[in-house]
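Structure first, commentary second.
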Amino acid sequence: MQQRRKAATLQLVRALRSQLATTAAERIVPPAAAVLPSGWRGIASAAGDGGPAGDSAAGPRGGPFLTWRGALLLAGGAAGAALGAGVGNTVAGTPPPAPSPSSDSGSYIVSGGGSSAPAVVAAAPWEKLNGGGVGSRQQQQQQQQASALPAPAGGAGVRPQAAAIAAAAGQGGREQAQRREAIGQKERPEQQPAPEQQAALEEQGEAEAGYGEEAIVRIPGEGPNPFTHPDPVQERDAAGLPLLPCGKSQAPAVPPPTGRNWPAHLVADVTTITADLPVSPLHRYTFWTFDGRVPGPLLRARVGDVLELRHTNKDRDGVGHNIDFHAVTGPGGGAPVTYAEEGETKIATFKLLHPGLFIYHCAAAPVPTHISNGMYGLVLVEPEGGLPPVDKEFYVVQSEIYATKSTETKGMLEYSYVDGLDEKPLKVVFNGAEGALQGRSPLVADQNDRVRIYFGNAGPNLISSFHVIGNVFDKVYREGDLVSPPARSIQTTLVPAGGAAVVEFDCPVPGNYTLLDHSIFRMEKGAIGFLKVRPRGGDRRRDIYDSVDPPLPCPGCKLHP
Ligand SMILES: [Cu+2]
């Protein structure tokens, strides 16, 4: 049924695209992109490849034609407005000039390198692209105006900065798009839709065929594709599902993608144990933990998998614990069937019906105390087809510490139930401690990496306003929703207590970036961490970020060290 719907949609889309291509070809002069400066052609190319975000969802690739989507982007402000460029005469190898006050800001006019006739590349509003038409009286006037303008010769009428931005932004976007496309081509399994099909479906808003079809398969080796064919000699459970260890990691690491499009029976051992751990540079705290760390491990599975949870309680104080998985369908999220007293092991199995990023936490009474003491983590349930490939993935959980200084042991903090009731935390932290993502242990990425953060909020009380200073979330899978199309270009995203979000962004400019809860006083309580983007290739991208004087941190600054 689903296949038939996809096929019908494809047929409709192809017809529409064919019509669009014809219409666009009449209005967009074919060689136009070929005579654009390389940077601008890059923008067009990136747009055809799914936009500057570098989605590998694609339109036509590699051809000399400027796609209508690329044309729109080129003219529609993402390039023009951001780059401070407007209408004018452009020759190959040079960026477009600054806006002409007398001209229509909706069009870019590009003169053919060796041709005397300028070509209208695109008009900003859709109506112009669709109906304004090349050869209209207005555009003929524009062409004449453009022809009359002096050649920009590296800067006549062009702000050098804007010119550099235009060139480099396009090239950078193209490089990233090509890199991701290369990865996608290398790793895309045979049964996945072709890029053209994928693009067509996504353009039609065919959500079910959109996100998730771009599979990640990173399992190397020869023989049958493990993505599509489980090992025939693999040990199986009673239902015939292959038995595999569940992907598991300690923060801020993330397990590798499952690399499967078939369900498996995953086994995860989790041990509850008490541990005295640093909670700030000055204090330690007696945490109740899963596997000895705060947060507990990130478990990675795939929708349709069966998760076999083996919970062993080794709490030295004899406190009973369990696990409530928000990913689990059934009473208590599994808490009643995973409850273990000291020395016990409880085993339960859960079929993961829903993809997404989910919190788990101990739900033994009193629940707020168990969560406050560090008993939480995340489960990532990949959608069918996996997640789009990125360069770096990180695991971060925010939480609050309700505590007072110990009167008995110097340097220790003691839990305060009253402060929890009053919702007055002493600390608000990432990954269990103030400073966990600072000093010698920041998150580390490399220039031009695409970064994905699996961000959870264990609470137990506060809502997080998660933000990264110096970047914009290109994609936000709000509240851990991996089914719906992600939100785009988000500055700050709300993450409720007991919730999660997945954010993605690119890192073209090297330097230090700050993760924080933008309820900004909480930075003084520890809700701050750093992402260090190491330079790569020597280009510091001054076209994007530049200054006359060298950067100086403000005195006492905690945000921009
Ligand atoms: Cu517990």
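Table for the structure above
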item	result
Full-extension gain in nm, R534 to V548, via 0.36 nm per residue minus C-alpha separation	2.8 nm
Proxy reagent accessibility, fewest Cβ within 10 Å first, across I490, I323, I520, I453	I520, I490, I453, I323
Inter-site label distance for T345 and A275 at 7 Å from Cα along Cβ, in nm	2.0
Residue exposure sequence - Y339, Y477 - by fewest surrounding Cβ within 10 Å	Y339, Y477
Cα centroid separation, region 477-552 to region 241-289 (Å)	24
Difference of contour (0.36 nm per residue) and Cα-Cα distance, E408 to Q491	25.5 nm
Ranked S489, S464, criterion: other C-beta atoms within 10 Å, fewest first	S489, S464
Residues of region 363-386 with amide N under 18 Å of a point placed 7 Å along Cα→Cβ from R316	373-375
Gap separating the Cα centres of region 418-441 and region 444-470, nearest whole Å	15
Spin-label model distance (nm) - L282 vs R440, 7 Å beyond Cα toward Cβ	2.2
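Values in this text are rule-based calculations from the coordinates and carry no lab data. All values derive from a computational prediction rather than experimental measurement. Glycine gets a Cβ as well: all are built from the backbone with ideal geometry, and neighbour counts include every protein chain shown.
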